[in-house]
1. Neighbouring Cβ atoms within 10 Å as the yardstick, rank Leu575, Leu668, Leu121, Leu560 fewest first.
2. What FRET efficiency do you get for Gln684 and Ala642 if R0 is 30 Å and r is their Cβ-Cβ distance, rounded to the nearest 0.05?
3. Quick query: amide H of Glu150 versus all other amide H atoms, modeled in the peptide plane; which residues come in under 5 Å with a sequence gap of 5 or more or a different chain?
4. Label-point separation (nm) for Ser168 and Glu240, each offset 7 Å from Cα along Cα-to-Cβ?
5. Taking Cα Rg over 2.2 N^0.38 Å straight from the coordinates, which label in [x] 1.18; [y] 0.95; [z] 0.90 is the correct one?
6. Note the angle between two axes, namely the Cα long axis of helix 272-285 and the longest principal axis of the Cα atoms of the chain, as a number of degrees from 0 to 90, rounded to the nearest 10.
7. Can you list, by residue number, the Cys in the chain that have no neighbouring cysteine C-beta under 4.7 Å?
8. Using modelled amide H (1.01 Å from N, peptide plane; none on Pro or chain starts), what sits under 5 Å from the amide H of Val338, excluding residues fewer than 5 places away?
Amino acid sequence: MREEAARRRAASLRAEIEAHNRAYYELDAPTITDAEYDTLFRELQALEAENPALRSPDSPTQRVGGRSLAQFTPVIHAMPMLSIQTETDTGASGAEHFDARVRRELELSDADTPMEYAAELKFDGLAVSLRYEQGVLTQGATRGDGMTGEDVTQNLRTVRDIPLRLRSDADRIPPLLEVRGEAYMRRDDLARYNEKAAGRGEKLLLNPRNGAAGSIRQLDPAVAARRPLRFFAYGVGVCEGWTPPATHGELLRTLESFGFPVCEYRRIVRGWQALAAFHARMGALRPQLPFDIDGVVYKVNSLELQRRLGFRSREPRWAVAHKYPAEEARTRVEAIEVQVGRTGAITPVARLTPVFVGGVTIANATLHNADELFRKDVRTGDTVIVRRAGDVIPEIVGVVGAAGESAPEAPRSLPFAFPETCPECGSRVVREEGGAIFRCSGGLVCPAQVKGALIHFASRRAMDIEGLGEKLVEQLVEAGLVRTPADLYHLDVPRLAALARMGEKSAENLVAAIAQSRDTSLARFIYALGVRNVGESTARDLARHFGSLARLMEADAPALREAPDVGPVVAESILDFFAEAHNREVIQRLIAAGARWEENAGQANAPPGPLSGKTFVITGTLPGWTRDEARARIEAAGGKVASAVSAKTDYALAGSEAGSKLAKAQALGIALLDEAALRNLLEQGDA
């Protein structure tokens, strides 16, 4: 076929295939059989294979397959993808509260004039962003933390609902348009997929939400292409060279004209009563919907009013999510076990007879803590109500039938007793925080806590081991090279260089950084140990007060309480930490490996400095010192540096671009210093 004829045929096939895609995926009204569709698709594939110049990014053939991705590239959102404030009441008050907040923010006093709102569904899928340049899809990203997401362009291209090229007149296509929406999976699509997967002996998808999120974040686009994903658009982010419509409702209609699927279950209404009615109507319809939702969303319809309302923190003031109550079911407690978290918290977990709740099969449920467990009096063998809290985390609401009720001769099982030693490391389990929390005391040795302990130990304000980040810590622990912080000082270049993505030069740099960290200060070393409730400031106070690690380790509760800002909770945490033999052993190994610092006789025997008893707060940028340098000079002179301004603050050290701390200090009448004034105070002490 000649080049021009091939070009015309390829264009015709693309247009025809996209029309059939729209009929099938958007309208649920296929116009040809699957076999006929496959014939057209294979013809286009053959044409592009014979004429590579015809293959374009917006071709339907480019949705499927592609290379496997080794990792996802971070995408910084030009306009943050913010979360929405949530209302969780079961009635109309969520709508009424939202309407009242909006009217108050806009200073509207005439209650007889109802506000106009857009009411939509809150989909239970994965929020994504689609970037179009000159009408062609160039990037797709997940929301991530709202500021930075992941580049999942290849996987989103496999979603047939998502247009690869905008469908509109050329003069209406924005040069740059970012469309935001939800990737989701229909319930019937999930059922069909799992039926086929079971026949192939493959792992089943747990539920539509996890199926959507897991598919979008597949490293292999070919795997994502086999998943039955769909998409709904619900808004825009950054756009250039284009004036959006005046209202959110008109914006959604415009997105439809561009080729995006927009959910039909939406309304433009006036007043909070109409919002509440929409919430109730969709709640009744919820079980019959083809996809999962966990609530509805209310938005101020006028985009100009949205701009006037703006944002608070990480949430828009012009929108709210009104969620539905979590779904519940009954089941039996087969056993109660404990899990050790990364902070050492011992959490009781109920192992359940599997039960289907809110679209998910639940086999485990959290019991939160000791108070919650004993208050509900949950025991092995009990019949309980299970709820998906927030439609996500399974929890036990309460006991509805105790084991033995149907057969009185069978006694109910004994109440659960927390273990005395950690199931992960054998360290003592201590009870703290008013008795609700049980915690493993082996912070330096517990496998469940080791990664967090190592990351904290190596952090800049602790031992400051440059190059030892989270990913490398994971490699070291999983390879069995490091089990406690003391093991870091026995690493060598050959073993490090053998790790993935760790060349010899990087290994040499890390070994050098670890060696350099041996020379530290007592305050840094105390902070690096990760004693619960002992932050950087408390570690400095303890170092100044006791002067040596040995005196701190041997101090009893009254002696600890004499240190500045050490109350009963902090004192108990310190006692529990040093009472654990495993922790003491690691400390001795660290000292044997060369960890060293200068010690002194302690605050009691040290001469008072010129700033003794004075509390400072530092704000802004100083001309000659960094904040750390200023802090060190103040503390060396006996002063203390706090993180927040309070009535106990003596001086505020303010540099350029000082912020809210300066304003608060002025309001409280606290003395203000600049760097020159602080130098004068220090020089007076030297004299």
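No value in this document is a laboratory result; all are computed from the given coordinates. Predicted, not measured: the structure shown is a model, and the values here were computed from it. We place every Cβ from the backbone using ideal geometry, glycine too, and count neighbours over all the protein chains shown.
1. Numbers: Leu575 16, Leu668 12, Leu121 24, Leu560 21.
Starting with the residue having the fewest Cβ neighbours, the order is Leu668, Leu575, Leu560, Leu121.
2. Working: r = 22 Å, r/R0 = 0.74.
Once the sixth-power term is evaluated, E becomes 0.85.
3. Val75, Thr142, Gly144
4. Result: 1.6 nm between the two label points.
5. Computed from the coordinates, Cα Rg over 2.2 N^0.38 Å corresponds to [x].
6. Result, in degrees: 70.
7. Among the cysteines of the chain, those whose Cβ sits 4.7 Å or more from every other are Cys239, Cys263.
8. For Val338, whose amide H was placed from the backbone, the distant partners under 5 Å are Val349.
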